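Have a look at the structure below, then the notes.
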Amino acid sequence: MEQIELLINDYLIYIVLGLGLLVIILMILVCVNAAKMKKIQRRYEMFMSKEDINLEELLVQYTKKLNVLLQNEKEMQTSIEYMEKTVKNCVQKVGVVRYQAIANMGADLSYTVALLDEQNDGVVLNGIYGRDGCYTYAKPINAGKSTYNLSEEEIQAIEQAMNKKSM
């Protein structure tokens, strides 16, 4: 027994330091576990929505919400497809040429505007400014061509529009 007391007295400083180190390690582990537990508690509260619902009811609610979202996604996809088809027939390409129709009439007050869709169908508008007034003419365009004779400016406006990218 005396030998044990002598042994303890000789190594008391080391025993105290070892136990102190063990206490510090255990305190660190307790803090780490408390942080993990707090994180798990937050996730649990978020999952349970702070309502007294059992897990089965919660899964049923989430399944219903998911089905509604999937149905909405299908409806949106159908709407997008419809819009894509509709946009093909909308004006997507525009070409504008300004010119002087009558010599000595000042600036380029006359204009030609080509309005084309994705298939290069549309109309070319020609506004001619003269001394007596302004006159506007429209000619239909199908696949970049017209059944009417086109002026040089109208051809320029159509080519300008056709060289632009569609949406």
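Here are the numbers for the structure shown:
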item	result
Which of I28, I141, M46, positive extreme of dipole for the chain (C-beta unit charges)	I141
Relative contact order %, the chain, counting alpha carbon pairs below 8 Å whose residues are six or more apart	16 percent
Signed unit charges on C-beta, dipole axis of the chain, positive-most listed residue V124, M162, Q61	V124
For S110, S79, S146, order by how many other beta-carbon atoms lie within 10 Å, fewest first	S79, S146, S110
Mean Cβ count within 10 Å, highest first, over the residues of peptides 57-70, 115-128	115-128, 57-70
Between 0 and 90°, nearest 10: helix 12-48 axis offset from the chain longest Cα axis	40 degrees
Candidate values (i) 32, 17, 13; (ii) 87, 27, 13; (iii) 38, 14, 12, label of the one derived for semi-axes √(5λ) of the Cα gyration tensor in Å	(ii)
Computed magnitude of the charge dipole of segment 27-167 (debye, nearest 20; Cβ of K, R +1, Cβ of D, E -1)	760 debye
Listed peptides 154-164, 18-28 by packing density, highest first (mean Cβ within 10 Å)	154-164, 18-28
Cα-centred dipole magnitude for segment 38-116, charges only on beta-carbon of K, R (+1) and D, E (-1), debye, nearest 20	320 debye
Rg and Dmax [Cα atoms of segment 93-162; Å; Rg one decimal, Dmax integer]	12.1, 39
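Computed from the coordinates by the stated procedures, all read-outs in this text should not be read as laboratory data. Remember, it's a predicted structure, so these values are computed and weren't measured experimentally. Note: ideal-geometry Cβ built from the backbone for every residue, glycine included; neighbour counts use all protein chains shown.
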